[in-house]
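The values are calculated or read from the model by the stated rules, or taken from the named source; none is laboratory data. These numbers were taken from a predicted model, which means no experiment stands behind them. When we count neighbours, we look across all protein chains shown, and the Cβ atoms used for this are built from the backbone with ideal geometry, even at glycine.
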Amino acid sequence: MDLQLIWYALIGVLVAGYAVLDGFDLGVGALYPFLPRDEAERLVLRRSIGPVWDGNEVWLLTAGGALFAAFPPVYATVFSGFYLALILVLMGLIFRAVSLEFRSHDPAWARVWDAAFAGGSALPALLLGVAAGNLVRGLPLSDDGEFAGTFLTLLNPFALLVGVFGLVMFVAHGAAWITLKSEGALRDRAARVRSVAHWLFLALLVVVTVATGIVVPDRIRSNLAEPLGWVALAMLVAGLVVARTAMIRGRDRGAFLGSALGIVGLVGLWAVGSFPYLVPGLDGGAGLSAYQESSSDLSLTVMLVAALIGLPVVLAYTALVYRVFRGRIVTEDVVEEEGQAGY
């Protein structure tokens, strides 16, 4: 049994789950200063993610834990090389969490908490895209696998382009979620933003693809050479088509699910194109491979058993939460309940 391959795929699943679930949370927060017109609509946006945002973040924490357990040298390199960026992401997520909890109970600081919510959503979305861009491009590594650059090294044009692309992707995904959860004028505005953001996402997808072909053509060739690369590409295209078709027909659930499928396809292309490297080297240099930097087979086996027990529980809990809180949010109802909840 190829344990390294299984754990590589499992981390990819966790990253995809985080991108789909917390991705719309980040998108909602990034749109928060611009989309609502009054306090009631701002409350709808907060309540749309209030019951689920903390559970969505578990996917990121689990992915980090899995990386630490299965590929310790990779964890060390990534978390040291991206240290400042990850601290900024963490601070953004903390400010977002605090703002959601305090906003309704501290009206005197409402503008501060609103700014914290928006900034704590947009900044992580941008920086996570920058991190993804650097992992596609490759990192400068020393002979012993340590990160050999600085924070400014990470802010290269290609990574910044992917960062903007990631932010737009999450904004489009967040607009799809708001459209699915709201009603009336707010839903109509969100639908227009969703459509514009989707077209912008498509345009940036073309630009990023061309840039990838110029900067790291091996990633494109790797995807085209592997059957799973074609599967991921088919998922991306299907997601885009489903989302656009559903928008035209006014099917909000289909638009959101199409957006989610497209995001999973993108993560799949990233994973297949980089395999077996979790951290590719810059300009063809030595990278950190899943086969060379993993824990022992015994450790991977024991942790796999735990993952096979724990992951279905997480999936079941996630499905239950979304089922309980399904449906559109009625503005009048949440205004009446505002004093009873922290969102």
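Scanning the stretch 302-314 for residues that are surrounded by 11 or more Cβ atoms within 10 Å (Cβ to Cβ) and either over 13 Å from residue 10 (Cα atoms) or of a type in the set (Lys, Arg) (or both) yields 302, 314. Among the numbered conditions (1) more than 18 Å from residue 179 (Cβ to Cβ); (2) modelled with pLDDT of 90 or more; (3) surrounded by fewer than 17 Cβ atoms within 10 Å (Cβ to Cβ); (4) among the hydrophobic types (A, V, I, L, M, F, W, C), the only one that residue 89 does not meet is (3). Among the residues of this structure, residue 24 counts as one that is farther than 30 Å from residue 300 by Cβ, among the aromatic types (Phe, Trp, Tyr), touching a His at 6+ places or on another chain (Cβ under 8 Å) and in a helix (DSSP H, G or I).
Residues that are over 19 Å from the mean Cα position of the chain (by Cα) and assigned to a helix (DSSP H, G or I) within the stretch 67-83 comprise 68, 69, 70, 72, 73, 74, 76, 77, 80, 81, listed in sequence order.
Considered as a group, the residues in the stretch 256-279 that are farther than 20 Å from residue 206 by Cα, modelled with pLDDT under 95 and of a type outside the set (Ser, Thr, Tyr) include one that is surrounded by the most Cβ atoms within 10 Å (Cβ to Cβ), and that residue is 278.
Selection over the stretch 143-173 of residues that are in a helix (DSSP H, G or I), free of Cβ contacts under 8 Å to residues at least 60 places away in the same chain and not small (Gly, Ala, Ser) gives a count of 10.
Residue-wise test of (1) closer than 16 Å to residue 48 by Cα; (2) in contact with a Ser or Thr (Cβ under 6 Å, 6 or more places away or on another chain); (3) at pLDDT below 95; (4) among the hydroxyl-bearing types (Ser, Thr, Tyr).
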residue	(1), (2), (3), (4)
156	no, no, yes, no
161	no, no, no, no
164	no, no, no, no
167	no, no, no, no
170	yes, no, no, no
174	yes, no, no, no
178	yes, no, no, no
184	yes, no, yes, no
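Residues that are in contact with a Phe, Trp or Tyr (Cβ under 6 Å, 6 or more places away or on another chain) and without any contact (Cβ under 8 Å) to a residue 24 or more places away in the chain were ranked within the stretch 67-90; the one that is nearest to residue 322 (Cα to Cα) is 68.
Restricted to the stretch 28-37, and to residues there that are in a loop (DSSP other than H, G, I, E, B) and touching a helix residue (DSSP H, G or I) at 6+ places or on another chain (Cβ under 7 Å), the residue that is surrounded by the fewest Cβ atoms within 10 Å (Cβ to Cβ) is 33. Just to be sure before I move on: is residue 195 more than 14 Å from residue 243 (Cα to Cα) and touching a residue at least 40 places away in the same chain (Cβ under 8 Å) in the structure I sent? For residue 195, the condition - more than 14 Å from residue 243 (Cα to Cα) and touching a residue at least 40 places away in the same chain (Cβ under 8 Å) - is not met. Out of 244, 219, one residue alone is touching a residue at least 12 places away in the same chain (Cβ under 8 Å), touching a His at 6+ places or on another chain (Cβ under 7 Å) and farther than 20 Å from residue 49 by Cβ. It is 244. Filtering the stretch 142-173 down to residues that are among the aromatic types (Phe, Trp, Tyr) and under 19 Å from the mean Cα position of the chain (by Cα), which residue is surrounded by the most Cβ atoms within 10 Å (Cβ to Cβ)? Among them, the one singled out is 170.
Within the stretch 38-79, work out how many residues are of a type in the set (Asp, Glu) and surrounded by 17 or more Cβ atoms within 10 Å (Cβ to Cβ). Number satisfying all stated conditions: 2. Only one of the listed residues (17, 64) is under 21 Å from residue 320 (Cβ atoms) and either assigned to a helix (DSSP H, G or I) or in contact with a strand residue (DSSP E or B) (Cβ under 8 Å, 6 or more places away or on another chain) (or both). That residue is 17.
When residue 40 is tested against (1) in contact (Cβ under 8 Å) with a residue 40 or more places away in the chain; (2) under 16 Å from the mean Cα position of the chain (by Cα), only condition (2) is not met.
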